[in-house]
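See structure below.
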Amino acid sequence: MLIQIPHMLSRDEALALRAQIAAAEWVDGNETSGPGSALKKYNRQLPEDSPAAQAAQQVVARALAGNALFLSAALPHTIFPPLFNRYGDGERFGTHVDNAVRVHGASGTRIRTDLSATLFLTDPEDYDGGELTIEGPFGTVAYKLPAGHMVLYPSSSLHKVSPVTRGERISCFFWMQSLVASAEQRSMLFELDQSIQALTVRHGSTDGEVLRLTNVYHNMMRSWAMC
């Protein structure tokens, strides 16, 4: 399941965050690469323990916590602290798959990577190339979204970032472990929750059929969630 989440940050918020972190010191992006990715990754990354990264992480974390579409789709159990990358002329990340388990260096926390996310902080017209291309049973899809928009996708998918040929692309990326490990079950819960929300707007939260579907949703969650 691929989901675009518009306006995770407003455009002004995204551009302000980009300007804030762009002025910080950046390092080789391979600092967080797994063994299979290191030979394919050519970009720069904001050190995750830097003051600039930690301040930016708080901005993104607040946005995630307040976004109903994200919470419905991801059902997050644990979110790896957001990271930030930068692609300039000729920089790229070849086709790869994300590590199945990520370890947060500072805390030692391990998470199973069920979902990956890229939050764009640069408008598409400000750079050429740099598309995020994701492969999967849904086909191959390329994303180059407006600043502040985010794409959520299975961490099991092969994906890449095409070479940037003009300008610069700065983004936020992170992984998360969901309460529901099965992508199929998570998709069913998402579709059901979206229908419940739409019917609630139309008929009210006390409508009998809305309550019946809400009951089904929570009992499915009770059966499938791993807390």
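The values are calculated or read from the model by the stated rules, or taken from the named source; none is laboratory data. Note that the structure is predicted; figures quoted are calculated from it, not measured. Cβ placement follows ideal geometry from the backbone for every residue including glycine, while neighbour counts extend to all protein chains displayed. Note: areas computed on protein heavy atoms with side chains; ligands, DNA, RNA excluded. Shrake-Rupley method; radii C 1.70, N 1.55, O 1.52, S 1.80 Å.
The GluC sites (Glu not before Pro) found in the stretch 9-110 that occupy coil by DSSP, while having at most 11 further C-beta atoms within 10 Å, are E25. Treating the angle as unsigned and between 0 and 90°, give the value, to the nearest 10°, between the Cα long axis of helix 51-65 and the longest Cα principal axis of the chain. The angle comes out at about 20 degrees. For the chain, the longest principal axis of the C-alpha atoms and the axis of helix 183-203 are separated by about 60°.
About its Cα centre, the dipole of the chain is roughly 400 debye, where the only charges are +1 on Lys and Arg Cβ and -1 on Asp and Glu Cβ. Mean-square fluctuations from a GNM of the chain, with a 10 angstrom spring cutoff on Cα atoms, peak among A73, A23, A117 at A23.
The mean sequence distance of close C-alpha pairs (under 8 Å, at least 6 residues apart), as a share of the length of the chain, puts its relative contact order at 25 percent.
If I compute solvent accessible area with a 1.4 Å probe over the protein chains, what percent of it on the stretch 183-224 is carbon and sulfur?
Within the stretch 183-224, the accessible surface is 53 percent carbon and sulfur.
Accessible surface for the chain, divided over its residues, is 47 Å² per residue with a 1.4 Å probe.
Between A61, A22, A198, the residue with the greatest mean-square fluctuation in the GNM of the chain (Cα pairs under 10 Å linked by springs) is A198.
The angle between the Cα long axis of helix 11-22 and the longest principal axis of the Cα atoms of the chain comes to about 40 degrees, rounded to the nearest 10.
Remark: the stretch 135-147, residue by residue, has Karplus-estimated 3J(HN,Hα) of 9, x, x, 7, x, 10, 10, 10, 10, 8, 8, x, 4 Hz, where x stands for each Gly or Pro and the curve is 6.51 cos²θ - 1.76 cosθ + 1.60 at θ = phi - 60°. Think of the chain as a dipole: +1 on every Lys or Arg Cβ, -1 on every Asp or Glu Cβ, centred on the Cα centre; then among N215, L145, T200, N215 lies furthest on the positive end.
Rounded if a/c is under 1.5, else prolate if a/b beats b/c, else oblate: with a ≥ b ≥ c from the C-alpha gyration tensor eigenvalues square-rooted, which is the chain? Verdict is prolate for the chain.
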